[in-house]
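Only one structure is covered here, and it is reproduced in the block below.
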Amino acid sequence: MAFASLFYTVLLLLSAGMLRRERGLNKGEPYEDILHSTDTKPISILVPAFNEEAGVVGSIRSLLSMNYPEYEIIVVNDGSTDDTLNRLIEAFSMKETVQICRKQLETKEIKAVYKSELFHNIYVVDKENGGKADALNAGINVSKYPYICSLDGDSILEGDALLKVMKPIVDSNEKVIAAGGSVRIANGSEIERGQVEKINLPTHPLAIMQVIEYFRAFLMGRIGLSKYNLLLIISGAFGVFNKSWVIKAGGYKVGTVGEDMELVVRLHRQIKKEGVKRSIRYIPDPVCWTEAPESLTILRRQRTRWQRGLFETLRLHWKLIFNPKYKQVGLISMPYFLLIELLGAVVEFFAYLYIILGLFFAFVPIDITVLLFLLTWVYGSYLSMWGVLLEEWSSRRYPRKRDLIILFLYASSEVFWYRPLTVFWRLEGIWQALRKRSDWGVMTRKGVSK
């Protein structure tokens, strides 16, 4: 645990330093230059959708107002059993069309391709169910632009998000081959016709804790890892990739539950294989809004799936771990995800057990037990509160003092209820992975967009 605490502290310092240097650049950076530059490549936005009837129409509406010179929207209906397809057809006046595409990646059969009569750049691909990775590969086959943006069916992008996430790619002369933005919780916010009109904190305790958790994961973890090209995850909710590199790497791996992380690790391997200088970046400012589970059952399914995805990726690419051939990825990134993100749950569980049993059976002096508990509480709260402060410092998306007080209070309570829950779910995810469970589980959504 001491090693994990030290690593998190280093990431915190790196992230704070980078945010300090970049603070205020959002308003000053020449995004207008990117908007009109011939170096700004068009993007194919891929939206895999399986039973997303609650929010998919609002998500697509949000994409229509993107501030970006040229892009197409490809919704891949992955054999939905609800009304997803019909809602898309009705909302955007979709008509079946003949679409010629190169089958660069193997996928399940495509039944039909529809094109909107209202908007020239909206397509819907109706295919047999094959899972999210298969749906994304089908979208890649249909797409015609050199960059792809993967987006969840319930995600809502801010207007300048594509410009901001493409900026490091353009500035690097395309040496950055993938970039991811931040994901924020939309629960509680006022969203009309696919646009976030007013940002509010959620009212449900589980959703509030996920707001804090996302701050910590994105603003502390990914900024620090990105600085030294150590990033192994670009969230499936929002990421941009050089399509040719994705195809060279073999596309998204079908049958995985952590297809987003697995692809990024494979891209690192492809970079090493070709012996070229390429990087994968995380950009904190471009924001994608998504719906967070407010049910313990749904949240549990999500977190066990995430842990299975992590286990799966580490198992598939175990040869990278502690392998100096892959430099910082093999010697730092992969060991970090193995020892801290995966096995850290096991260590943390036994730490909780040790404190509880030590207090109950008094086989450890009570003052030592209380001290260990206080250290766990203070340090855990400290990291969560820093995540909140970094968000306030860099973005000020929750400007009301009342919101910050609520976030601080919930951050200080995390170790008493939310953290033990997530530790247990992570352990459950490891057990499921050992038993080779590979299903996604049902993720029921209420829908956040109107």
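Restrict the check to the range 99-110 and report whether at least one residue is over 23 Å from ASN242 (Cβ atoms) and assigned to a loop (DSSP other than H, G, I, E, B). Taking every residue of the range 99-110 in turn, at least one turns out to be over 23 Å from ASN242 (Cβ atoms) and assigned to a loop (DSSP other than H, G, I, E, B).
Picking from residues in the range 154-172 that are touching a residue at least 60 places away in the same chain (Cβ under 8 Å) and over 21 Å from the mean Cα position of the chain (by Cα), the one that is farthest from ALA292 (Cα to Cα) is SER172. Across the range 120-153, the qualifying residues are those that are surrounded by fewer than 16 Cβ atoms within 10 Å (Cβ to Cβ) and of a type outside the set (Asp, Glu), and the one among them that is farthest from the chain's Cα centre (by Cα) is HIS120. Take the residues in the range 38-50 that are assigned to a loop (DSSP other than H, G, I, E, B) and modelled with pLDDT of 90 or more, then tell me which one is farthest from ILE191 (Cα to Cα). Selected residue: LYS41.
Give, as residue ranges, the strands (runs of 3 or more DSSP E) completely inside the range 120-227 that count at least 1 residues that are in contact with a Ser or Thr (Cβ under 6 Å, 6 or more places away or on another chain) and at positive phi. Don't jump to the end; show me each part of the working.
On the way: elements: 122-127, 147-151, 176-185, 190-192, 195-198.
Filter on the range 120-227 gives an empty set.
The values are calculated or read from the model by the stated rules, or taken from the named source; none is laboratory data. From a predicted model like this one, the values you see are computed outputs, not experimental measurements. Neighbour counts run over all protein chains shown; Cβ positions are idealised from the backbone, glycine included.
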